[in-house]
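The values are calculated or read from the model by the stated rules, or taken from the named source; none is laboratory data. On a predicted model such as this, the values are computed, not experimentally measured, just so you know. Virtual Cβ from ideal backbone geometry, glycine too; neighbours counted across all protein chains shown.
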Amino acid sequence: MLNWKNQSIDLLNEGGFRITEPGPLQAPIHGFKIRRDENLTLWLETEAALDAKSTARPHPSGTVRINIEQAELVARFN
């Protein structure tokens, strides 16, 4: 049976894509995996160096805000 919920996510995880603009993520990023849990929430797991840095501004815990930050990934063939 085809797992339609993860079909496009599996395509992203097969190594044909790379993160070119990490945005607020710790960088440099050596690898990543996107997955979806049983509630269909998307999760991005990244692998970065121990000395990786982020350019994101810190926000106090419990702060309610609109998140407009983004990361960019592209096909390795570009």
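Among the residues of the range 45-78 satisfying the criterion of being among the hydroxyl-bearing types (Ser, Thr, Tyr), in contact with a strand residue (DSSP E or B) (Cβ under 9 Å, 6 or more places away or on another chain) and at pLDDT 90 or above, which is nearest to GLN26 (Cα to Cα)? Before you say what the answer is, go through the steps one by one.
Keep residues of the range 45-78 that are among the hydroxyl-bearing types (Ser, Thr, Tyr), which gives 46, 54-55, 61, 63.
Checking which are in contact with a strand residue (DSSP E or B) (Cβ under 9 Å, 6 or more places away or on another chain) leaves us with 46, 54-55.
If we keep only those that are at pLDDT 90 or above as well, we get 46, 54.
Numbers: THR46: 8, SER54: 4 Å.
Step by step, filter the range 45-78, then rank; the result is SER54.
LEU42 versus (1) hydrophobic (A, V, I, L, M, F, W, C); (2) under 15 Å from VAL74 (Cβ atoms); (3) at pLDDT below 90: which is the lone unmet condition?
Every listed condition holds for LEU42 apart from (2).
Quick one: in the range 13-38, which of the residues that are outside any strand (DSSP E or B) and modelled with pLDDT of 85 or more is surrounded by the most Cβ atoms within 10 Å (Cβ to Cβ)? Steps first, please.
Restricting attention to the range 13-38, the residues satisfying the condition of being outside any strand (DSSP E or B) are 13-16, 22-26, 37-38.
Filter again for modelled with pLDDT of 85 or more, leaving 22-26.
Working: PRO22: 22, GLY23: 14, PRO24: 13, LEU25: 20, GLN26: 17.
The qualifying residue surrounded by the most Cβ atoms within 10 Å (Cβ to Cβ) is PRO22.
Test of understanding: among ALA27, ALA56, ALA71, which residue is more than 20 Å from GLY15 (Cα to Cα) and in contact (Cβ under 8 Å) with a residue 24 or more places away in the chain? Outline the logic, then answer.
Values: ALA27 fails: more than 20 Å from GLY15 (Cα to Cα); ALA71 fails: more than 20 Å from GLY15 (Cα to Cα).
Of ALA27, ALA56, ALA71, the one residue that is more than 20 Å from GLY15 (Cα to Cα) and in contact (Cβ under 8 Å) with a residue 24 or more places away in the chain is ALA56.
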